[in-house]
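The values are calculated or read from the model by the stated rules, or taken from the named source; none is laboratory data. Keep in mind the model is a prediction, meaning the values are calculated, not measured. Virtual Cβ from ideal backbone geometry, glycine too; neighbours counted across all protein chains shown.
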Amino acid sequence: MIRFGLRLAVAGGREALTRLIIIATSVAVGAGLLLVTLAGLNAVNGQLTRYASLYPSPSAEGIGDPLWWSTREDYFRGEQIVRVDVAASGPGSPTPVGVPTTPGPGEYYVSPALTELLEATPAAELADRYPGRSLGTIGDAALPSPDALVVIVGHTVDDAAALPNVRQLTSVGADTPALPETVVDLIVGVIAGGLLFPVLIFIGTATRLSAARREHRFAAMRLVGATPRQISIIAATEAAVAAVAGTALGFALFYAFRGQLAAIPFTGMRFFPGDMFLRPLDVLVVALGVPTGAALAAWVSLRRVRISPLGVTRRVTPRPPRAYRLIPLVLGVAELAYFIGRRPVTSDGQTAAFLPGLLLIMAGLVLAGPWLTMVGARVLANRARRPAALIAARRLADNPKAGFRAISGIMLALFVTSVSIGVITTIVANRGPAQVGSTDAATLSTGLSDDELSVPDSLLVELRSIPGVRSATAVHRNPDRMADPGVLACTDIPAAYGRCADGATVAAVAHNFIPFRESASATRVWPAAPVPLDDVQRLPVASIVVGTDGSAASLERSRTVLSRAYPDFWSAPSVPGEFESSFADQLRGWQQLANVIIVASLGLAGCSLAVSVVGGLSERRRPFSLLRLSGAPVRVLRRVVALESTVPMLAVAVVAIGMGFVAAQLFLKAQMDYMLTAPGPEFYAIVIVGLAACLGIIASTLPVLERITGPETARSE
Amino acid sequence: MTIAIEARNVVFSFGQTPALRGASIAVDSGEIVAIMGASGSGKSTLLHCLAGILVPDSGEVLFDGARVDSMTEARRSSLRRDRFGFVFQFGQLVPELTTAENVALPLLLNGTRRAEALRKAHGWFERLGLEGLEHRRSGELSGGQAQRVALARGLVTGPEVLFADEPTGALDSLTGEQVMDLLVTAARAQGTTVILVTHEPRVAAYADREVIVRDGRVNAPDRIAS
């Protein structure tokens, strides 16, 4: 029977062959995207792991010759540079990954992207931060991305031991990533949930293509004595043949475009071509899973209809979905709302609190989708004045599960991405970089360690001599720990940052003249500090603040001067928000990934809907043809098709995005006490682009409508 | 009597296969004509040419003094929608709509308000003995009931010509006769011209006149307009 099924699939005439090609092509697209998703997960995982390996965990001390290692962040024009300082303590010290030897004092290795930057930038702005000589470039194995700016600087052990955040390593490259595995799993899970589900829905839908025509053929076979089991085997074989061919084509497409895909900065940083790889398990899952899944889908779809020798017993109106489907959705929202003001202290506790709520909402959306579709369609049907709207609404109300199936993927994808983008936008808004052109953005400061008793005048003179620098001020440590952290003689406060209170000689000031969560202001009045004027100069120096004209050159030259003067900085000289903005940049990378998921999932939904449209047209070929012959304009039928697919899609998009923002708001309020910041227009633009792509794909099926409703259908079949 | 619709020397081929080889027929207003013939004789093709569904390769089709064969597709569609009615052998009801909505569909397509369209549709349920079936779906009707709904749909706009292509072809003889009784009664009451394609003499007997199509020609046309 399998052999007979194979023969029917590949030698069953032109129609069978066309069907085979269409299904195989659809499966190829689905399988290709599935492979891209799996390879993308591996690539993201690899990128995260390599990034995390720049922050290794310390080994047990006192064993062998450890490698001394300190990782700090530096900045250049808003970009983060990862600076790794190392020192080999003996011949047995491990060599850092990606370089042939551990650099000695006065030697360093730089990443290819940083090499390019160093060559293109005046030395006073960047290269002077790394005195000595370059030994070469860092290999890919140590870099999160080809775009990563990384420098590995060599030191003596004594120098390295004095650096902040230093650790001793007896081995490198085998560290557990500093990022908790659950975080990586969560991120990967978000990608998987957002993209895998639509891909699987699409593959499932594609294999049901032309089901109606196929079922009539099976009825004819039943008439000549085929048993239901034999029919099931033939159907499964046919579906599997198309799926095997499609899967093979999907693999070919994946390997053909793998290099180009790696060059797309899905996470804000490009991948290395080798990052987009497939594990044997991935290959096995796709190579076996897709054809098996296709065969199962065909078998399941046949179980929904009873094929008797006298024909296909059409489905009667299925039982409508009930309102209880809303319960998980409501529970999920309630669960998230419960934790407002009750945030667990530990990160594990927070994961345990928020994850179930989000998962409940995701499950709730999928479960409630058909009920919502039915309610919406019934309302539309009762209010429809035009025949197209009436037919479309009745069809959706009649079988909302079928109507929702093709778009359930985008519901999840849009929910997941809306939550992510809502959270990311809010965090970025609260922690983003200073506004361009503001005094904040023109202020560079560096904190000094407690034992820094004074600042050489030559340093301040050098800073003030840099073109564009307007002030260079050493702020002293305030002995009053409850007040602002700095003290300064009133005469030393640069005019751009305010003045003293009337009558005061010494003021308590912020370490960079910018109070927490506020902006610099020339009208700010700093309170008087109870420190005698003569004692100020004897207090340790807390920070050096450089006021500039905001030009990149003046800021970077100042930063370079300060970096050289204080090479053991804990955190690099920075402009307000720069430290936070590197985190925000990382989040923006994820935002970009979320955008990719939106467009891809909507495109996939478009493909699923297109297949559903073609299937729906095949089922209603005769009544539609006869309607058209009776004078119904084709545009009415086109409108039916368009409404049937676009109305639920748009409704689902609105519900999913709305629920995503609700979930994001609940999470942000509970976890960070932030109010949701509405995403910028680019989010909506991305959604609109995705929806337009989806509609374009649906529109591509419309010519089928005209072709299959021609006059020949009027003749009795 | 005035001629409602007429075909003159209509020739039509499906690719290389000729279906009509110069068929001519004229049907008076209010007349019920049965077109008979063996399978493949060209009777359905003739009906489709008369209704403006197919455009003849040569020859003329006239309705109300206008050349149907030279009209644009849009005008022919409008003609079919506004002035003709159709009943086919089977499968003409939109499965998702209720029977009442199916009957109201041509009115909705004409721009009639929904409430008005449904009110007119309900009037036909009583006339055709379909009371109580207004909210059923096509899948929940017997063959005879579905054809009566289709008949109501074909007549609801008050068409000048009703084209019926094997309207009882999928029904048993008793049910077929009931449908034909209703069709003829309703058409006569409205003064609708009926062109009926059938191969069953018992169905053709309901007509005022029978014409035979053989090898793509109408035998013994009893009247051709001069």
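For the list (1) more than 25 Å from A:R621 (Cβ to Cβ); (2) within 11 Å of chain A (Cβ to nearest Cβ); (3) assigned to a helix (DSSP H, G or I), I need the number of the one condition that B:R153 fails. For B:R153, the exception is condition (1). Here A:A377, A:A368 are screened, and the one residue that is in contact with a Pro (Cβ under 9 Å, 6 or more places away or on another chain), farther than 20 Å from A:V687 by Cβ, in a helix (DSSP H, G or I) and away from chain B (no Cβ under 14 Å) is A:A368.
Within segment A:512-537, the set of residues being surrounded by fewer than 20 Cβ atoms within 10 Å (Cβ to Cβ), part of a loop (DSSP other than H, G, I, E, B) and touching a residue at least 40 places away in the same chain (Cβ under 8 Å) comprises A:S519, A:S521, A:A522, A:P527, A:P530, A:Q537. Only one of the numbered conditions (1) more than 30 Å from A:Y338 (Cβ to Cβ); (2) more than 10 Å from every other protein chain (Cβ to nearest Cβ); (3) out of contact with any Ser or Thr (no Cβ under 8 Å at 6 or more places or on another chain); (4) in contact (Cβ under 8 Å) with a residue 40 or more places away in the chain is violated by A:P387, and that is (2). Looking only at segment B:24-44, residues that are surrounded by fewer than 17 Cβ atoms within 10 Å (Cβ to Cβ) and of a type in the set (A, V, I, L, M) come to 1 in all.
Counting only helices (runs of 4 or more DSSP H) that sit completely within segment B:23-120, those holding 3 or more residues that are within 18 Å of A:P633 (Cβ to Cβ), of a type in the set (K, R) and within 12 Å of chain A (Cβ to nearest Cβ) correspond to B:73-82.
Yes or no, residue by residue, for (1) at pLDDT below 95; (2) of a type in the set (A, V, I, L, M, F, W, C); (3) under 19 Å from A:R559 (Cβ atoms); (4) not assigned by TED's automatic domain parsing to the domain that holds A:F272:
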{"residue": "A:R77", "(1), (2), (3), (4)": "yes, no, yes, yes"}
{"residue": "A:I81", "(1), (2), (3), (4)": "yes, yes, yes, yes"}
{"residue": "A:A88", "(1), (2), (3), (4)": "yes, yes, no, yes"}
{"residue": "A:G92", "(1), (2), (3), (4)": "yes, no, no, yes"}
{"residue": "A:V99", "(1), (2), (3), (4)": "yes, yes, no, yes"}
{"residue": "A:G104", "(1), (2), (3), (4)": "yes, no, no, yes"}
{"residue": "A:L118", "(1), (2), (3), (4)": "yes, yes, yes, yes"}
{"residue": "A:Y130", "(1), (2), (3), (4)": "yes, no, yes, yes"}
{"residue": "A:D158", "(1), (2), (3), (4)": "yes, no, no, yes"}
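In segment A:398-412, the residues that are within 14 Å of chain B (Cβ to nearest Cβ) and surrounded by fewer than 21 Cβ atoms within 10 Å (Cβ to Cβ) reach residues that are among the polar types (S, T, N, Q) and in a helix (DSSP H, G or I) with C-beta atoms within less than 8 angstrom, at least six apart or across chains, in these pairs: A:A402/A:S612. Scanning segment A:121-139 for residues that are of a type in the set (D, E) and outside any helix (DSSP H, G or I) yields a single hit, A:E125. Could you tell me which numbered condition A:A429 fails, if it satisfies all but one of (1) surrounded by fewer than 18 Cβ atoms within 10 Å (Cβ to Cβ); (2) farther than 19 Å from A:S558 by Cβ; (3) not assigned by TED's automatic domain parsing to the domain that holds A:L358? Unmet condition: (3).
Residues of segment B:121-142 that are buried (at least 16 other Cβ atoms within 10 Å of the Cβ), assigned to a loop (DSSP other than H, G, I, E, B) and free of Cβ contacts under 8 Å to residues at least 40 places away in the same chain: B:L130, B:L133, B:E134, B:R136.
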